[in-house]
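Everything on this sheet refers to the single structure shown next.
The values are calculated or read from the model by the stated rules, or taken from the named source; none is laboratory data. Note that this is a predicted model, so its numbers are computed, not measured. Heads up, the Cβs are rebuilt from the backbone with ideal geometry, glycines too, and the neighbour counts pull from every protein chain shown. SASA here: full protein model, heavy atoms, side chains in, ligands and nucleic acids out. Shrake-Rupley method; radii C 1.70, N 1.55, O 1.52, S 1.80 Å.
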Amino acid sequence: MRYFNIAGPCNRAEHYMIEAATRLKGVEQLIDMKQYFVIHAARQSGKTTYLNDLAERLNASGKYYALYCSLESMQGITDPKAAIPEIVKKLEEVLALSGIPQKNNFAKDADYSNFTSVLNMSLTRFCMLLDKPLIILFDEVDCLSEGGLITFLRQLREGYNNRIRYPFVHSIALVGMRNIRDYKAQVRPESQSLGSASPFNIVTKTYTLKNFTKEEIRQLYQQHTDETGQTFEEDAIELVWQQTQGQPWLVNAVAREVIVEMLHSDYTQPVTAERVAEAVQTIILRRDTHIDSLLERLKEERVRRIIEPIIIGEFDFDTLSDDFQYVKDLGLISDTPERIGPSNPIYAEVIARTLTDSMQQQLLRDSKEYRLPRYLKDGHIDMDFLMRDFQQFWRENSAIWGERFNYKEAAPHLILMAFLQRVINGGGQIIRDMGAGTGRLDLCLVYERQKYPIELKLWRGEKSLEKGIRQTLGYIDVYGVTEGWLALFNRKPELSWEEKIYMNRQSVDGKTVTVVGL
């Protein structure tokens, strides 16, 4: 029986899967045109699955010999004297397991001391022996760096440019997590140039492997229904789409969590939205390797430069910069005409939890009073009491905690989120909406189906209050309630705490905004 795979490449015999060929259009036409190209996408998006499928189809066509070769074992080898011979030996290794003729003659008598041309010469001589064009699909290319990467690409470029005189690899795919433009940023400072012999100019086109559409999620889950009879309710599919935005690993992980861990493979029970919501929370709290490795990147300065403005709602970066492209290539953010923000609500939640985790743990150790029961009144959250408590906490702790965060500009937002998370862990939920250019961070506390929308905003001048109230009123409308809270942080050092700390209400058209000065 097939299953939802969350570890390694998929194959149609063992796993439910969306045919990889449907997710990239035009690749085989480029191959027919003898082009070299790049495919990049975030970890566990289906790149290796796609490459294995592509190699299989190319070999089956009878027109080519196609070879898949992962360079993952090259990680950390920066010296070309070591890297290039290792690449040649890796090609020799994968050829030995292939059905390509003349494979025993590849790199025969290779002179590894001549590291500047041994890859080019080995491929050239091998292509001379073949009766069909050779395609090489290089996976995990971004494991190469510095001199090893440059020398690798320059030898490919030399072979590419000389194909008119002697045989060389017909078409090459360079595949990894990052776009080829980011490889440039890794191998040289922006102020330097590699000159006219740049090894990057042989790439015809760059492809991105897109996430699943909602219809593809439905098709994937339908495969399980067809084989087991277990149904996915439409609300469950809608919630998976809303929470994952089609990220392939997450789509599979949610289904597996419900079916295997929660229902223990009892296929008589349907997959419901309630079970999907529970599975999402489990995945967020468990922080599997996929999520943990992604969030480790939050410590990188170039990632902070993009994520921090998104948290506070400002547009303080260049979307054409290598930093922006890098964070986008990691899969942490998405860039659409509507917004720039975390790629999906699950990532938004784990980003917030990761950046505030140390503070939450400290709160857990130091105080027992910041818990949900303290703030409940007649089955509702007493938000005025809660926000007054935070005002006092902010007054006493903001200077200390503000210095502990690497994301110092976003420290007010992170501290309030940590405080609220500590409270709401007693039985509620926080919905977060981050996006560059919005000028604020939207939070909504949910307890017993009651919603309490909160806007977080930095004081940026006299119009901040007016704009903040207007934004909060819009957020109140989103949730169909009549009351919301605007947390307005004023970080001007010359102001006294008596001037910063206040709470007042404004009513507009039957809706109330409580402004919480901080």
Check your understanding: Applying the selection to segment 119-149, what residues are modelled with pLDDT under 90, open to solvent by 10 Å² or more (accessible area, probe 1.4 Å) and under 24 Å from the mean Cα position of the chain (by Cα)?
Key -> Asp142, Ser145
Study note, to complete from the structure: Scanning segment 77-98 residue by residue, those without any contact (Cβ under 8 Å) to a residue 24 or more places away in the chain and either of a type outside the set (D, E, K, R) or open to solvent by less than 80 Å² (accessible area, probe 1.4 Å) (or both) turn out to be Glu86, Lys90, Glu92, Ala96, Leu97
Point to revise | Failed criterion for His40 (all others in (1) more than 23 Å from Gln223 (Cβ to Cβ); (2) free of Cβ contacts under 8 Å to residues at least 12 places away in the same chain; (3) of a type outside the set (A, V, I, L, M) hold) | key: (2)
Practice item. Find the helices (runs of 4 or more DSSP H) located wholly in segment 16-108 whose residues include 3 or more that are among the aliphatic types (A, V, I, L, M) and more than 30 Å from the chain's Cα centre (by Cα), and list them. Key: 80-96
Exercise for review: Enumerate the pairs (first residue in segment 385-404 and modelled with pLDDT of 85 or more; second residue anywhere and of a type outside the set (Lys, Arg) and open to solvent by less than 20 Å² (accessible area, probe 1.4 Å)) with beta-carbon separation below 6 Å, excluding pairs fewer than 6 apart on the same chain, so at least 6 apart or on different chains.
Suggested key: Phe385/Tyr375; Leu386/Tyr375; Met387/Val516; Phe390/Phe419; Trp394/Leu518
Review point. Counting just the residues of segment 99-118 that are in contact (Cβ under 8 Å) with a residue 12 or more places away in the chain and crowded, with 17+ Cβ neighbours inside 10 Å, which one comes out nearest to Tyr68 (Cα to Cα)?
Key: Ile100
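Is there a residue in segment 412-420 that is of a type in the set (Val, Ile, Thr), part of a helix (DSSP H, G or I) and under 23 Å from the mean Cα position of the chain (by Cα)?
no
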Practice item. Using the structure shown, decide if Arg178 is touching an Asp or Glu at 6+ places or on another chain (Cβ under 7 Å), assigned to a loop (DSSP other than H, G, I, E, B), open to solvent by less than 70 Å² (accessible area, probe 1.4 Å) and in contact (Cβ under 8 Å) with a residue 12 or more places away in the chain. Key: yes
Review point. Out of (1) within 28 Å of Val260 (Cβ to Cβ); (2) in a loop (DSSP other than H, G, I, E, B); (3) open to solvent by 40 Å² or more (accessible area, probe 1.4 Å); (4) in contact (Cβ under 8 Å) with a residue 12 or more places away in the chain, what's the single condition that is false for Ala13?
Key: (4)
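Suppose we filter segment 201-221 for residues that are part of a helix (DSSP H, G or I), open to solvent by 70 Å² or more (accessible area, probe 1.4 Å) and either over 11 Å from Ile18 (Cα atoms) or touching a residue at least 24 places away in the same chain (Cβ under 8 Å) (or both); how many remain? Steps first, answer last, please.
The first filter runs over segment 201-221 and keeps only residues part of a helix (DSSP H, G or I), leaving 214-221.
From what is left, the residues that are open to solvent by 70 Å² or more (accessible area, probe 1.4 Å) are 215, 219.
Restricting the remaining residues to those that are either over 11 Å from Ile18 (Cα atoms) or touching a residue at least 24 places away in the same chain (Cβ under 8 Å) (or both) gives 219.
Looking only at that region, the number is 1.
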Check your understanding: In the set Ser45, Ser70, Ser61, which member is open to solvent by less than 10 Å² (accessible area, probe 1.4 Å) and not basic (Lys, Arg)?
Key -> Ser45
Exercise for review: Only residues that are of a type in the set (D, E, K, R), in a strand (DSSP E or B) and out of contact with any Asp or Glu (no Cβ under 6 Å at 6 or more places or on another chain): list them for segment 421-454, please.
Suggested key: Arg432, Lys451
Check your understanding: When segment 459-490 is examined, which residues are found to be among the hydroxyl-bearing types (Ser, Thr, Tyr) and either closer than 26 Å to Gln392 by Cβ or in contact (Cβ under 8 Å) with a residue 40 or more places away in the chain (or both)?
Key -> Ser464, Thr472, Tyr475
Revision key, fill the gap. How many residues of segment 275-303 are at pLDDT 95 or above and open to solvent by 50 Å² or more (accessible area, probe 1.4 Å)? The answer is 1
Exercise for review: Given the conditions (1) surrounded by fewer than 17 Cβ atoms within 10 Å (Cβ to Cβ); (2) out of contact with any strand residue (DSSP E or B) (no Cβ under 7 Å at 6 or more places or on another chain), report the number of the one that Asp389 does not fulfil.
Suggested key: (1)
